[in-house]
Structures are given as C-alpha cells and as structure tokens.
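The values are calculated or read from the model by the stated rules, or taken from the named source; none is laboratory data. Since the model is a prediction, treat every value here as computed from it, not as a measurement. A quick note on method: Cβ atoms are made from the backbone with ideal geometry, for glycine too, and the neighbour counts reach across all protein chains shown. Accessible surface areas use protein heavy atoms only, side chains included; no ligands, DNA or RNA. Shrake-Rupley method; radii C 1.70, N 1.55, O 1.52, S 1.80 Å.
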Amino acid sequence: MSLKNREYFFKHVLVLLLCGVLAVACTSGKEEIPGEGKSMSIKKEDFGKTGAGEKVDLYTLTNRNNMVVKITNYGAIVTSLPVPGKEGKLADVVLGFDTLKEYEAPHPYFGAIVGRVGNRIAKGKFTLDGVTYTLALNNGNHHLHGGIKGFDKVVWKAEEIKKENEVGIKLSYLSKDGEEGYPGNLAVTIVYSLTNDNELKINYLATTDKPTPVNLTHHSYFNLEGAGEGDVLEHLLTIPADTFAQADEELIPSGELLPVENTPLDFRRPAGIGNRIKEVPGGYDHNYVLNNTGGSLCFAARVEAPRSGRVMEVFTTEPGIQLYTGNFLDGSNKGKGGKVYHKHYGFCLETQHYPDSPNQPGFPSIILRPGQEYRHLTIYKFSLKKN
Ligand code: BGC
C-alpha cells in the first residue's frame, strides 16, 4: 500500500470506527421502554340494556404495550383479557360471553366481582352482636357468593380513571340494608386498573353504617392458552400455602386448617394442576391459607402455560385464596366466539378470607363496622416465561 493509499484507508476506517462508537454510545444510553410513544386509552361502548332496562357499558382499557382488558359495569365483569404469548401471539385468557344477554342468564360467575360475601355461609345463617341473620340460599342449603342477586348481577356506576402509569375504571355500588339478608348499607368501590407493567390491579373499598360481614373477590376463570382452547390441567401452578381450610363435601369448613404436606393440595413447588387432580374428588375447590396474615401485599400464586409460555402471578393483601378448577363446567356454557367450556377449561384464583368466616370463631374476622374501611388489593400480573 502506498503512503497516500494508507492515509486514505486510515482516514476512512477511523471515521467509520468513530461513527460506530458514537452510535453504540447513543443507543446504549437510551433505555428501551416497551411501547414507548404509544398512549394508554379508555374506550366506552354501549353494551346494551339489562332486562330491567338499565343501560350498561363496556370499557376497553389499553396500556402502552397494547395490552387490553374489557370490563363491563354489569356485575363488574372482566369480559376479555388478550395477553401476548410466544412470538407476541395474543390469546384472550378469560372465559366469558360476547353479549350482555348471556351474562344476565345463569352462569358460574364468569369474570365477576362477587359479594357482599364471596364463598359459602353455612345454612345462610350467622349471628352478629347477638342478632341472628338469615341470608338468601342459592347453593343447596347454603348461601354462596352474595346470594340470589349478588354483586355479579347488579349495574355499577362507572367512572374513568387515567394516571401516569395506568388506566382504570372505578365502579361503585350501594348495597342496601337488608339486601340478600345482610345488615347495613354497604358502599362498595372497585377500581380496576391496567398498568404499563401488564398488571390487572383490583382495589376494593367498602364502608358500612351497620356491622356486616364483607368478603369481596374476583371470579375470572383463566386459561392461559386461551379461553376455550382445551383444559388447564397442564398449567403449572404454585401456591405458597402450607395449610388449607378443611371442608366437607358441601364445601363448608370444619374450622380446622390442615397441612398440604403429602397431599395433592401441595403446590408449594410448581406442579401441573392435573398431576394429582384425580385424587381430589370432583377437582380442586379449596381455600388455601396464605403464609401472610398481616394484610400487606404478598405473592399468592403463579401459573405458567406450558405451550404459550404465558405466566400469571397473583399478589394480594388477603389471607386466603380459593383454587377452583372449573369442576362444574359441563359444556353447557357456549362462550365467546361460540367456544364451548368443558370441565377444567378454566381455573379461578379468588383472593379472599376463608369460607364461612362469620360462623368460624377461629378464622380471621370479616366483620366490618361503621367507621372502619374494608380494603383489599389484588394484582394479576402477566408476563412471558423466561427461558
Ligand atoms: C366456588 C365453587 C363454585 C364456583 C362457581 C367457586 O368460587 O368455590 O364451589 O362452584 O365458584 O359458582
């Protein structure tokens, strides 16, 4: 190489090298924010009128990653939750229907908020401050999920909420003194938010003017491979609970908390939901005692879908979680897009207090008194399995 050529070569290589270094420096200094630039949004659509003529809406919350959740103010129901899987493939991970009419017809609480007291109250009776109350019976001899017309079947008042890192709707409902047999006017607020960390956050708040039991929860049936896409038996489940509330065949607790050790209920290490389900008559429908009783936000469950790699983690301030594996789904519910939901096609992870608490002096109390606030936070966080 001549001197001139060498000079030319070095000049150009040097310039190129410098550009490269500058480019790397520029890009590495800038953190990649997923979906940056895209904006969060809330869309409100007409979802029709109830049989009683009440107007109902459907809200679509979208976060910066383009994750979406649809919620109606009828029953505070999550109707749709498309979550990305491998290669960004979206699948709606909650069971439900396309129309309000179908949500008004009998169904097993798909996506709803249940209350005033979720889960069972034995014989629909409890005594509080010396007075015995009789509740509506809607589950054989027992009261379940708030009664005949629980919070899943009422129209909630809705208000849109936009914050820096989340979009949401605030749903309010006044449950009147005597409703379904419960004492006291109970003012309930549920805030559903979708955060930019792909979390569905549920903030519950309630106040009362007379002492009353309160145990609110969310009743989505999840299938992380997609609603209607087979059963959930191969999903890997973790629940960090050492004990569960022992219950009889009608699912009424004895009051004893038994260890999960050496039983098919032990999910302290990840295990397939179906691995030992045959040893559990009917399937899982159990209330786990979480290892947190202090009311702080704690890890409560993790589920991983084997094929799509979708992961859902649950965090809650509640002391218990009901695992229900869709044991009573029998194909009679035709869901969204005509998909049929058979036995074990979904699982529920309902964060709550233990069943029949008003009749179990050994369980943490669910009695709310005037001047107190019922507060409960649960987060369902979605992500992809890391390889
Ligand atoms: C209960 C089940 C019940 C289901 C639907 C669950 O929360 O634990 O026993 O069948 O809800 O009603």
Reported set for segment 313-360 where residues are among the basic types (Lys, Arg) and either within 16 Å of the ligand (Cβ to nearest atom) or closer than 17 Å to TYR380 by Cβ (or both) is LYS343
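Quick grid of which residues meet (1) modelled with pLDDT of 95 or more; (2) within 16 Å of the ligand (Cβ to nearest atom); (3) open to solvent by less than 30 Å² (accessible area, probe 1.4 Å); (4) in a strand (DSSP E or B):
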site	(1), (2), (3), (4)
GLU250	yes, yes, no, no
GLU256	yes, no, no, yes
ASP266	yes, no, no, no
VAL311	yes, no, yes, yes
Which residue, of VAL114, VAL167, is open to solvent by less than 10 Å² (accessible area, probe 1.4 Å), within 28 Å of THR62 (Cα to Cα) and either over 22 Å from the mean Cα position of the chain (by Cα) or within 16 Å of the ligand (Cβ to nearest atom) (or both)?
VAL114
How about segment 56-93: which of its residues are open to solvent by 20 Å² or more (accessible area, probe 1.4 Å) and not in a strand (DSSP E or B)?
ARG64, ASN65, ASN66, LYS86, GLU87, GLY88, LYS89
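This table checks each residue for (1) farther than 25 Å from SER41 by Cα; (2) in a loop (DSSP other than H, G, I, E, B).
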{"position": "LYS149", "(1), (2)": "yes, yes"}
{"position": "GLU160", "(1), (2)": "no, no"}
{"position": "LYS170", "(1), (2)": "no, no"}
{"position": "TYR173", "(1), (2)": "no, no"}
{"position": "GLU180", "(1), (2)": "yes, no"}
{"position": "SER193", "(1), (2)": "no, no"}
{"position": "ASN203", "(1), (2)": "no, no"}
{"position": "VAL232", "(1), (2)": "yes, yes"}
Residue count for segment 318-353, restricted to those that are at negative phi, in contact with a Gly (Cβ under 7 Å, 6 or more places away or on another chain) and open to solvent by 10 Å² or more (accessible area, probe 1.4 Å)
8
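Table: residues versus (1) open to solvent by less than 10 Å² (accessible area, probe 1.4 Å); (2) farther than 30 Å from GLU373 by Cβ; (3) under 16 Å from the mean Cα position of the chain (by Cα).
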site: LEU236; (1), (2), (3): no, yes, no
site: GLY294; (1), (2), (3): no, no, no
site: LEU297; (1), (2), (3): no, no, yes
site: VAL314; (1), (2), (3): yes, no, yes
